[in-house]
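The values are calculated or read from the model by the stated rules, or taken from the named source; none is laboratory data. Computed from a predicted structure; not experimentally measured. Positions of Cβ are backbone-derived with ideal geometry, glycine not excepted, and every protein chain shown enters the neighbour counts.
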Amino acid sequence: PLPVEPPLFRLLRPVPCCFCCGFSPAPPIGSLPRSVMSSSEREHKDKEHKEEEKDEEKGGFIEKVKDFIHDIGEKIEEAIGFGKPTADVAGIHIPSINLKKAEIVVDVLVTNPNPIPIPLIDINYLVESDGRKLVSGLIPDAGTIHAHGSETVKIPVTLIYDDIKSTYHDIKPGSIIPYRVQVDLIVDVPIFGRLTLPLEKKGEIPVPYKPDVDVEKIHFEKFSFEETTALLHLKLENKNDFDLALNALEYEFWLSDVSIGSAELTESTKIDKNGISFMKIPITFKPKDFGSALWDMIRGRGTGYTIKGNIDVDTPFGPMKLPINKEGGTTRLKKGGEDSDED
């Protein structure tokens, strides 16, 4: 009997392709029917196919979960009324300023549209001038903003002038410098989580300087060894780049190392920026208390004096109390009828 040809040989046997040659090359191995592929190849392809289907199903599931959570969040937000809080700088004022420091308060209006209170976790602030830091700080646990309400949050900031002038030598006493306040309010809101509300405000602040004071002359009004009345001709020079509206003067005066006394005067006058103003202050003293220095005063010789005190002024930046001080000065005594414009 003839030998039986294996099935694989029959598949590999050339088949006729045309009438001229009668044969055609066998098909490539890769195009073999699935029944001819080895079992390991079939398992590998099946595994790859299943993994692709699994990845597609997994990716689609995650996207569906994300969409579901987003939809739920929007519906909760619409139903309950959650929203992002807003904040704005309502104003900046200077409650206290003197030669040493300026106390600044930044008023921030925060509005909470949510049905529950939200905590104000932290407040970060920075004050700078021309890109240079003047002061910065952090206020933790700054309170709570009530539900469906608005509250003004006060942020206190203190500028120490000695620190500023020692760091930036071009900042001179009496000048006005620009500033920028940057505030970050950090709040915790349901649905939204932790949010940062950035704020910014610009302005100007002075670096005040004490005025110069001089007693130009003393005019006698009434002379007596027991009691003498006179007028101090006081000269005040404003060395600031802003006007001073003088409201009150508090002083103590010494003539030839003898205390004449102290007083507080309420007198309104304006001292222009970098300008000069004059005041007349009445004084009363007993010449016999001066001893031998009395004869120098009578002869019109120069007489030493010291004056110390404070002036209360209004400025474009708020009220200030500025010191006045002159030690080792020299003045002359004049009779009431003498021309006061000679000296």
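Quick notes
- Candidates 212, 184, 257, filtered to the one that is modelled with pLDDT of 90 or more and more than 29 Å from residue 108 (Cβ to Cβ): 212
- Meets criteria (assigned by TED's automatic domain parsing to the domain that holds residue 307, at pLDDT below 85 and either exposed (fewer than 14 other Cβ atoms within 10 Å of the Cβ) or within 30 Å of residue 171 (Cβ to Cβ) (or both)) for residue 250: no
- Count of region 209-237 residues, restricted to those that are in a loop (DSSP other than H, G, I, E, B), surrounded by 13 or more Cβ atoms within 10 Å (Cβ to Cβ) and in contact with a helix residue (DSSP H, G or I) (Cβ under 8 Å, 6 or more places away or on another chain), is 1.
- Exactly one residue among 191, 218, 271 is more than 30 Å from residue 126 (Cβ to Cβ) and touching an Asp or Glu at 6+ places or on another chain (Cβ under 8 Å), and that residue is 271.
- Residue that is nearest to the chain's Cα centre (by Cα), among those in region 253-268 that are touching a residue at least 24 places away in the same chain (Cβ under 8 Å) and surrounded by 13 or more Cβ atoms within 10 Å (Cβ to Cβ): 253
- Residue 173 vs. criteria outside any strand (DSSP E or B), in the same structural domain as residue 94 (by TED's automatic domain parsing) and more than 10 Å from the chain's Cα centre (by Cα): yes
- Residues that are among the basic types (Lys, Arg) and not in a strand (DSSP E or B) within region 126-169 comprise just one, 165.
- Every condition in (1) assigned by TED's automatic domain parsing to the domain that holds residue 97; (2) over 22 Å from residue 93 (Cβ atoms); (3) not small (Gly, Ala, Ser) holds for residue 125 except the one numbered (2).
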